[in-house]
Amino acid sequence: MGKLDVPWVRKEFPALEQTVNGQPAVFLDGPAGTQVPRQVIAAITQYFETSNANTCGAFATSRRSDAMLAEAHRAMADLVGCDADEIHFGPNMTTLTFALARAIGRDLGPGDEIVVTTLDHDANVSPWRALEERGVVVRQADIRVDDCTLDLDDLRAKINARTRVVAAGYASNAVGTINPVAEMVRLAHSAGALAFIDAVHYAPHGPIDVRALDCDFLACSPYKFFGPHTGVLYGKREHMLRLRAYKVRPAPDKLPDKWEVGTLMHENIAGVLAAVEYLAEVGRRSEAGPALVGRRAALARAYRAIQEHERGLAAQMLAGFLGIRGLKVYGITDPARLAERVPTFGVRLAGKSPLECAEFLGERGIFTWDGNYYALNLTERLGVEASGGLLRIGAVHYNTPAEIERMLAALEELAQS
Ligand SMILES: Cc1ncc(COP(=O)(O)O)c(C=O)c1O
């Protein structure tokens, strides 16, 4: 197992030095977007200073932009385990998913079905539901409410010979459950359907291997894994070549250009490249071994170290939550099942709304979220939507046991007030 160099990690993130009301800020808001290391900030600045241009021009800055974009595709390919031309950048995951769903929907109509799940963020629900206007039926696979895990029997029952796409999250952004995605892909393919994975919430926490999963599409958002605000879509080459993208006529038909419509936000993509390099650096520092390890191997090491650190934080959070009177954790609470979740917790405190809790913590410099964070299917299913949703407390690898201790002490104080 790797060992995360936490003091080094924290020094890389300038934002972590902020204070609120005289207290160091505690960023437990990572599920809505993480902070960025200084390499990312420098890469964005450097892009503007040295390379700012549109693509494919016969001059230096344009050529540097082309080279940076090519390397960013290779970096994201290393992160998810595919070829560079199967990576597509876009404004964010939601926009990319609407574009893909709309293109897939061109060939669908009455009699076709799509399956989503109750655990999903709405960015993996509404783009598919938009196809209902074409007569497509969207079904929703349910969860087991007691631990907020996917009900695989219900998923099996919802998939049939009419199913064209199974679209599901890798991990829940509200309660942290990791879905059995390989099994979901297998079920989709056995019915002849395509498998789309929303890996936005999983990407900061665990390694992704699209070839091993055999999924057809996978989307993620670099601003959730220490990069800037952008989206990334992996699409299997055969599908991305076959499907008809909505694009302008002069834009190339080759991959990935066909799907990267309009001018991309180059400076942010320079930041994505730096974010992947940062993660690889985490890996190179975390495990003894050959120093000259390649980027994908370094990323695998990084995730081993990140997972070990985060499981420690998750165990600490769970133990602390279970000791606070009136606090209910939604999701997996069995400490023996930490491998089935990421350290994102959806909780409620008796007698206090999630907003009151988030405000109380926020005044003490502890950043959390309240509401549904667009996981609307889930907050409705859990019956908490009308009363303010959940308080979400999400750790990533730059968080420390001391920060978790402060958050738990503040919640305890609120519970007793
Ligand atoms: C699980 C999940 N999927 C999708 C999204 C949407 O991502 P984006 O903001 O890049 O559109 C989010 C954002 O919160 C998310 O947490």
**Request:** Check E183 against each of (1) over 21 Å from I143 (Cα atoms); (2) away from the ligand (no atom under 11 Å from the Cβ) and name the one condition it does not meet.
**Result:** (1)
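Please find, within the stretch 127-140, the residue that is farthest from the ligand (Cβ to nearest atom) out of those that are in a helix (DSSP H, G or I) and buried (at least 18 other Cβ atoms within 10 Å of the Cβ).
If we filter the stretch 127-140 for residues that are in a helix (DSSP H, G or I), which is where we start, we get 127-134.
In the following step, the residues that additionally are buried (at least 18 other Cβ atoms within 10 Å of the Cβ) were identified as 127-128, 131.
Numbers: P127: 10, W128: 13, L131: 18 Å.
Checking each candidate, the answer is L131.
Scan the stretch 75-93 for residues that are of a type outside the set (G, A, S) and under 25 Å from L187 (Cβ atoms) and jot them down. Write out each step before concluding.
Pass one, the stretch 75-93, residues of a type outside the set (G, A, S): 76, 78-80, 82-83, 85-89, 91-93.
Matches in the stretch 75-93: V80, C82, E86, M93.
Using the structure shown, decide if R284 is among the charged types (D, E, K, R), more than 25 Å from P180 (Cβ to Cβ) and at pLDDT below 95. First the steps, then the outcome.
Values: among the charged types (D, E, K, R): yes; more than 25 Å from P180 (Cβ to Cβ): yes; at pLDDT below 95: yes.
Considered against the rule, which asks whether it is among the charged types (D, E, K, R), more than 25 Å from P180 (Cβ to Cβ) and at pLDDT below 95, R284 comes out as yes.
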**Asked** Taking the condition closer than 23 Å to L150 by Cα and surrounded by fewer than 19 Cβ atoms within 10 Å (Cβ to Cβ), does R381 pass?
**Response** yes
**A103 in a helix (DSSP H, G or I), surrounded by fewer than 21 Cβ atoms within 10 Å (Cβ to Cβ), more than 16 Å from the ligand (Cβ to nearest atom) and not assigned by TED's automatic domain parsing to the domain that holds P256** = no
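Considering only the stretch 106-126, state which residues are polar (S, T, N, Q) and outside any loop (DSSP other than H, G, I, E, B). Reasoning before the result, please.
Keep residues of the stretch 106-126 that are polar (S, T, N, Q), which gives 117-118, 124, 126.
T117, N124, S126 - these are the residues of the stretch 106-126 that are polar (S, T, N, Q) and outside any loop (DSSP other than H, G, I, E, B).
Among residues belonging to the stretch 76-93 that are within 16 Å of the ligand (Cβ to nearest atom) and buried (at least 21 other Cβ atoms within 10 Å of the Cβ), point out the one that is nearest to R244 (Cα to Cα).
Residues of the stretch 76-93 within 16 Å of the ligand (Cβ to nearest atom): 76, 79-80, 87-93.
From what's left, buried (at least 21 other Cβ atoms within 10 Å of the Cβ): 76, 79-80, 87-90, 93.
On the way: M76: 23, L79: 26, V80: 24, I87: 17, H88: 15, F89: 17, G90: 17, M93: 19 Å.
Top of the filtered list is H88.
Consider S172 carefully, then state whether it is within 20 Å of the chain's Cα centre (by Cα) and outside the structural domain of P335 (by TED's automatic domain parsing).
Details: within 20 Å of the chain's Cα centre (by Cα): yes; outside the structural domain of P335 (by TED's automatic domain parsing): yes.
Answer is yes for this residue.
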**Prompt:** Is there a residue in the stretch 199-213 that is in the same structural domain as L79 (by TED's automatic domain parsing), more than 11 Å from the chain's Cα centre (by Cα), within 20 Å of V125 (Cα to Cα) and among the hydrophobic types (A, V, I, L, M, F, W, C)?
**Reply:** no
**Message:** Could you tell me how many of the residues in the stretch 30-47 are touching a strand residue (DSSP E or B) at 6+ places or on another chain (Cβ under 9 Å) and either of a type in the set (A, V, I, L, M) or more than 12 Å from Y398 (Cβ to Cβ) (or both)?
**Reply:** 2
**Asked** How many of the residues making up the stretch 176-200 are out of contact with any Cys (no Cβ under 9 Å at 6 or more places or on another chain) and closer than 20 Å to L299 by Cα?
**Response** 1
**Asked** So L241 fits all but one of (1) under 16 Å from the mean Cα position of the chain (by Cα); (2) more than 30 Å from M317 (Cβ to Cβ); what number is the exception?
**Response** (1)
**Request:** Mind listing whichever residues of the stretch 159-209 are closer than 21 Å to D107 by Cβ and of a type in the set (K, R)?
**Result:** R162, R164
**Request:** Please enumerate the residues belonging to the stretch 192-248 that are within 16 Å of the ligand (Cβ to nearest atom) and among the basic types (K, R).
**Result:** K224
**Message:** Name the single residue that is surrounded by the fewest Cβ atoms within 10 Å (Cβ to Cβ) among those in the stretch 335-374 being under 23 Å from H397 (Cα atoms) and small (G, A, S).
**Reply:** A336
**Complete:** The correct count of residues that are over 20 Å from V36 (Cα atoms), of a type in the set (A, V, I, L, M, F, W, C) and crowded, with 19+ Cβ neighbours inside 10 Å in the stretch 385-403 is 2
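The values are calculated or read from the model by the stated rules, or taken from the named source; none is laboratory data. These figures come from a predicted structure and were not determined experimentally. As a convention, Cβ positions derive from the backbone with ideal geometry for all residues, glycine included, and neighbour counts pool all protein chains shown.
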